[in-house]
Amino acid sequence: MARSLSNLAAVPRSLDMKALVEKQRAYFETRVTLPLHWRREQLLALERAARKYEAEILDALKADLSKSPEEAYLTEVGNIYGEIKTALKNVKAWMEPRRGSAPLIIQPARAYQYADPLGVTLIISPWNYPYQLSMAPLIGALAAGCTAVLKPSELSPATSEVLKRMLGEAFPAEVVSVVEGGVEASQALLAERWDLIFFTGGTQVGRVVAEAAARHLTPTVLELGGKSPCIVDRSADLEITARRIAWGKYVNAGQTCVAPDYVLIPPELKGRFVDLLQKAVRSFYGADVSTSGDYGRIVSPRHFERISALAADGQIAFGGERDAPSRYFAPTVITDAPLSSPLMQEEIFGPLLPLVDCPGIDDAIRFVRSRPKPLALYTFARDAAVNERVLTETSSGGAVTNDVCVHFAAEGLPFGGVGESGLGGYHGQASFDAFSHKKSVVKRPFLLDMKLRYPPYGGKLGLL
Ligand code: NAD
C-alpha cells in the first residue's frame with residue numbers, strides 16, 4: 001500500500017515537469033523571444049523585480065546563511081544589477097551576426113556567425129550564493145532569447161522561496177518558472193529534454209547532470225568546485241598575502257566555490273604566516289568571532305558535521321572552536337595534515353585553511369599539476385616572473401596573482417572551470433554566448449557560378 005502511494009505521489013510530479021517544459025517549448029516555438037525588444041523587456045522586468053525584492057532577498061540570505069547585509073550586497077545583490085546593466089547596454093551588439101572570413105575558393109561569399117537562442121533551458125543552482133548563482137545565468141538566458149526553469153537549492157529555502165515569488169510575479173511560467181525542491185525535483189527535471197542545462201554545484205552531482213544530459217545529447221554548462229590552491233613565494237608581501245587569503249577564505253564562512261582551499265608555503269615562512277592570518281581574522285571579526293555580525297554560519301547540520309570531521313586531520317594552529325546548535329565554526333588554520341587525509345583530498349567548503357610545506361615554486365607547480373585541475377589558483381610573489389611561471393605552467397578555471405576570488409567580479413572575463421572543476425563559462429557576454437548556438441552562415445549570391453568544382457573533373461582542378 002505504502003509503495004503504491006509513493007508511486008502515485010511521484011507520477012504527478014514528473015507530469016508537472018513535462019507540462020512545464022511543454023508549455024515553455026510551445027511559447028518558444030511562437031518565436032516571440034527572438035526580437036531585441038522582447039529580450040530588453042525581460043531584462044527590465046528582472047531588474048524591476050530585483051529592486052522591489054531587494055530587502056526580502058537580504059533578509060532571506062541572513063536567514064539561510066547569516067550573511068550580513070553588506071556582505072550579501074557586495075557578493076550577491078550588487079553584481080546582479082551590474083550584470084543586468086551590462087546585458088541591457090550590449091544585448092543589441094551581442095545579437096548582431098559576427099563577421100568571419102570567406103576563403104577565395106568559395107568567393108563571392110560573406111561569412112557570419114549567427115547567435116541562435118538555444119531554446120528551453122534548465123538552471124540548477126546551489127545554496128552558497130543562492131541569489132547570485134540563480135540570477136546570473138538567468139540574465140544570460142533572457143538576453144539570449146531563451147526561456148528558463150530555475151531549480152534553486154533546498155538548503156537555502158528562504159532565498160528559494162523569495163526567488164519563486166519574485167520571479168513568479170515578474171514572469172509568466174512559460175518565460176521563467178521556479179521549481180523548488182531537492183534531489184527528487186532536480187532528477188524529475190533532469191529526465192526531461194532541454195536545449196541547455198546550466199548547472200552550478202559540486203563535481204559529484206555535476207557527473208549526474210552530465211549523464212542525464214547525455215541521454216538527450218543536451219549541451220551543458222557545468223560550474224563545479226574543487227580544491228583551489230594558493231601558492232606563496234618567498235618574495236611575497238606576507239602581511240598583505242595573509243590578509244587577502246583570510247578574507248577570501250572566511251567570507252561566507254568558507255562556503256565559496258573560489259575560496260582558497262589550501263596554501264603551499266615554504267616551511268620557514270609558516271610560523272609568521274600563521275600569526276599574520278590570526279591578526280587579519282582578529283581585525284575583521286574581533287577577538288570573539290562568534291559575536292561578529294559579519295561572520296556567517298555553516299548552512300546545515302550535515303555540513304557542520306562534515307567540516308568537524310575534516311578538522312580532525314593535522315594540527316590546529318588557531319581556531320577550531322565550534323557550536324553545533326548555531327552551526328558556528330571559527331576561522332581555523334591547520335598545519336601538518338597528511339596529504340592523503342580527507343582534509344587534503346576533498347573540497348573543504350568551510351572555514352578550515354590547511355598550510356602545506358612546499359620549499360619552492362617547482363614543488364608547488366608539480367603539486368598542483370599532480371591533482372585535478374582546480375576552479376581557481378592564486379599565486380603570490382613580488383617577483384612577477386614567478387607568478388608568470390605559475391600561470392603558464394598550471395591549468396585552472398581562473399587565476400589571480402597577489403589576491404584571491406576577485407576574478408569572479410571581472411565581468412568582461414568568462415568565469416568557469418576546467419576538467420573536474422567544470423565545463424564552459426559565463427558572466428557578461430560569455431553568459432549570452434553560453435545560452436546561444438553560434439551558427440556558421442555563408443551567404444552566396446547567384447552571381448558567378450564557377451563550373452570548376454562540378455564534375456566531370458577530368459583533371460581540370462589540376463590537383464593530381
Ligand atoms: P550540490 O551539487 O550538492 O547541489 C547543487 C544543486 O543540485 C542543488 O540545487 C541540489 O538540489 C541539486 N542536487 C543535489 N544532488 C543532486 C542529485 N543527486 N541529482 C540531481 N540534482 C541534485 O552543491 P551544493 O552543496 O549546493 O553547492 C556546493 C558545491 O557547489 C561546491 O562543490 C562548490 O564548489 C560548488 N559551487 C560552484 C560554483 C561555481 O561557480 N563553479 C559556485 C558555487 C558553488
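The residues of the stretch 177-220 that are within 17 Å of the chain's Cα centre (by Cα), surrounded by 22 or more Cβ atoms within 10 Å (Cβ to Cβ) and within 10 Å of the ligand (Cβ to nearest atom), listed by number, are F199, T200, G201, G206, V209. Look at A434 and say whether it is crowded, with 20+ Cβ neighbours inside 10 Å, more than 17 Å from P260 (Cβ to Cβ) and of a type in the set (A, V, I, L, M). Here the answer is yes, as A434 does meet what is asked.
Just one of the numbered conditions (1) surrounded by fewer than 20 Cβ atoms within 10 Å (Cβ to Cβ); (2) closer than 19 Å to G350 by Cβ; (3) away from the ligand (no atom under 11 Å from the Cβ) is not true of R234: (2).
Quick check: is even one residue across the stretch 45-53 outside any loop (DSSP other than H, G, I, E, B) and among the hydroxyl-bearing types (S, T, Y)?
Residues of the stretch 45-53 that are outside any loop (DSSP other than H, G, I, E, B), as a first pass: 45-52.
Those left that are additionally among the hydroxyl-bearing types (S, T, Y): none.
No; the residues of the stretch 45-53 include none that is outside any loop (DSSP other than H, G, I, E, B) and among the hydroxyl-bearing types (S, T, Y).
Scanning the stretch 402-421 turns up no residue that is within 26 Å of R39 (Cβ to Cβ), polar (S, T, N, Q) and away from the ligand (no atom under 12 Å from the Cβ). Give the residue that is farthest from S340 (Cα to Cα), with candidates limited to residues of the stretch 365-385 that are β-branched (V, I, T) and touching a helix residue (DSSP H, G or I) at 6+ places or on another chain (Cβ under 6 Å). Restricting to residues being β-branched (V, I, T) and touching a helix residue (DSSP H, G or I) at 6+ places or on another chain (Cβ under 6 Å), the top hit is T379. Within the stretch 152-176, being within 15 Å of the ligand (Cβ to nearest atom), in a helix (DSSP H, G or I) and crowded, with 21+ Cβ neighbours inside 10 Å holds for T159, S160, L163. Among the residues of the stretch 237-247, write down those that are out of contact with any Lys or Arg (no Cβ under 7 Å at 6 or more places or on another chain) and either among the aliphatic types (A, V, I, L, M) or crowded, with 22+ Cβ neighbours inside 10 Å (or both). Hits for the stretch 237-247 are I240, T241, A242, R244, I245, A246. For the stretch 96-106, does any single residue satisfy the condition of being within 26 Å of P172 (Cβ to Cβ) and surrounded by 16 or more Cβ atoms within 10 Å (Cβ to Cβ)? Checked against the condition, which is being within 26 Å of P172 (Cβ to Cβ) and surrounded by 16 or more Cβ atoms within 10 Å (Cβ to Cβ), the stretch 96-106 yields no hits at all.
The strands (runs of 3 or more DSSP E) falling completely within the stretch 196-249 that include 1 or more residues that are touching a helix residue (DSSP H, G or I) at 6+ places or on another chain (Cβ under 7 Å), among the aliphatic types (A, V, I, L, M) and under 22 Å from L118 (Cα atoms) map to 196-200, 220-223.
For A253, state whether it is assigned to a helix (DSSP H, G or I), within 16 Å of the ligand (Cβ to nearest atom) and surrounded by fewer than 22 Cβ atoms within 10 Å (Cβ to Cβ). Criteria not met by A253. Considering only the stretch 418-431, state which residues are buried (at least 20 other Cβ atoms within 10 Å of the Cβ) and assigned to a strand (DSSP E or B). G422, Y426, listed by residue number.
Throughout, read-outs are computed from the coordinates displayed, never taken from laboratory work. Computed from a predicted structure; not experimentally measured. Neighbour counts run over all protein chains shown; Cβ positions are idealised from the backbone, glycine included.
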